[in-house]
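The structure appears right after this line, and notes come after that.
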Amino acid sequence: MHSNLHLAGSTVSCYESHAQAYDLYQSAVVPGYRDMLDLVASACRRHLRRNARILDLGCGTGNASLSILQQMPSARIFLLDGSQRMVEIAAEKLERVHPGSMLGRRVADLCRDGWQEGLVEEGFDAVVSTLVLEHLPFPAYRAAVDVCLSLLRPGGWLLSAEGYSAEGSDMQEWFYSLMDERRRAVEPQISDFIARLREEKETHYYCSQEKKAEWWREAGLLQVTVLWQYLCIALMAGRKLQ
């Protein structure tokens, strides 16, 4: 979906060359997309201090960061993504709409060791990730959660919106059928192009919420809970020990 690191296979190529078109596609076609971003921002406003330092992990074109800054203009954001072009677009947005809000930016691959180098010293009050971690193979996913925990200040939060699967449920099929319906309202040339690109290039690794919550707790996160869900997309939160 929208955010992307060089992850499994060629997922990032969906975004690197076609960032702006993909951004339009996400907003128009993905069910619950705007609500998801608003809930991420609301969670940050509720749980974080006024001048919070936030890592937008897999920032994409900066939509989650912009939503957070709309509700928390005093927050400061660090942008990290596997796509150089995505990071550039996100940085341009933040500097245009909220000048001075960006702590820094980096292009990095979550599947490689050391992507967090240089970020640990001051730490973050939250790591926010929207539709990113579902692109990681499970061993890389668990390693990324471990790193996120190390990046958090005491009392900090990991907030991740991801796709899930549930045995015996058709919620994924339902979700994608809604996407197909909404796609018909998008300019056909863009819609067909992006849909084909996603089918050919994107890789997803789905499992249950319960399994991922178990992995979060094993990493050391507390108060792990689902804050919001729309069919197969859910926003999960976990906190680092004070």
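One table, with the values for the structure above:
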quantity	calculated
Where Rh is the Kirkwood radius over Cα pairs, Rg/Rh for segment 53-105	0.91
Modelled FRET efficiency - R0 25 Å, SER169 with SER42, Cβ distances, 0.05 increments	0.40
Farthest positive-ward along the chain dipole, Cα basis, beta-carbon charges - from GLY220, HIS135, GLY156	GLY156
Span per principal axis, largest first, for the Cα atoms of segment 28-129 (Å)	33, 33, 24
Heavy-atom accessible area per residue - the chain, 1.4 Å, Å²	43
Aspartates and glutamates whose Cα lies under 19 Å from that of LYS93, excluding same-chain neighbours fewer than 8 positions away	GLU16, ASP23, ASP38, ASP56, ASP81
Cα shape, segment 88-183, gyration tensor, a/c 1.5 rule	oblate
GNM result for the chain, Cα springs below 10 Å: residue of ALA143, ALA161, ALA41 fluctuating most strongly	ALA143
Relative contact order for the chain, counting Cα pairs under 8 Å that sit 6 or more residues apart, in percent	23
Highest-fluctuation residue, GLY123, GLY58, GLY82 considered, GNM on the chain with Cα pairs under 10 Å	GLY123
Carbon + sulfur, % of accessible area of the chain - ligands and nucleic acids excluded, 1.4 Å	48
Longest segment of the chain lacking trypsin sites (Lys or Arg not before Pro) that sit in a DSSP loop with at most 16 other Cβ atoms within 10 Å	113-183
Among beta bridges that DSSP assigns inside the chain, antiparallel share in %, nearest 5	40
Charged-residue dipole, Cβ positions (Lys, Arg, Asp, Glu), segment 74-149 about Cα centre, Debye nearest 20	240
Scattering curve values for the chain, log₁₀ I(q)/I(0), Debye with Cα scatterers, q = 0.07, 0.12, 0.17 Å⁻¹	-0.20, -0.61, -1.33
List MET86, MET171, ordered by accessible area with a 1.4 Å probe, largest first	MET171, MET86
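The values are calculated or read from the model by the stated rules, or taken from the named source; none is laboratory data. Predicted model, so just to flag it, every value in this text is computed and none were measured. Neighbour counts are summed over all protein chains in view; Cβ atoms, including those assigned to glycine, are modelled from backbone coordinates with ideal geometry. In case anyone asks, the SASA skips ligands and DNA or RNA and just uses the protein heavy atoms, side chains included. Shrake-Rupley method; radii C 1.70, N 1.55, O 1.52, S 1.80 Å.
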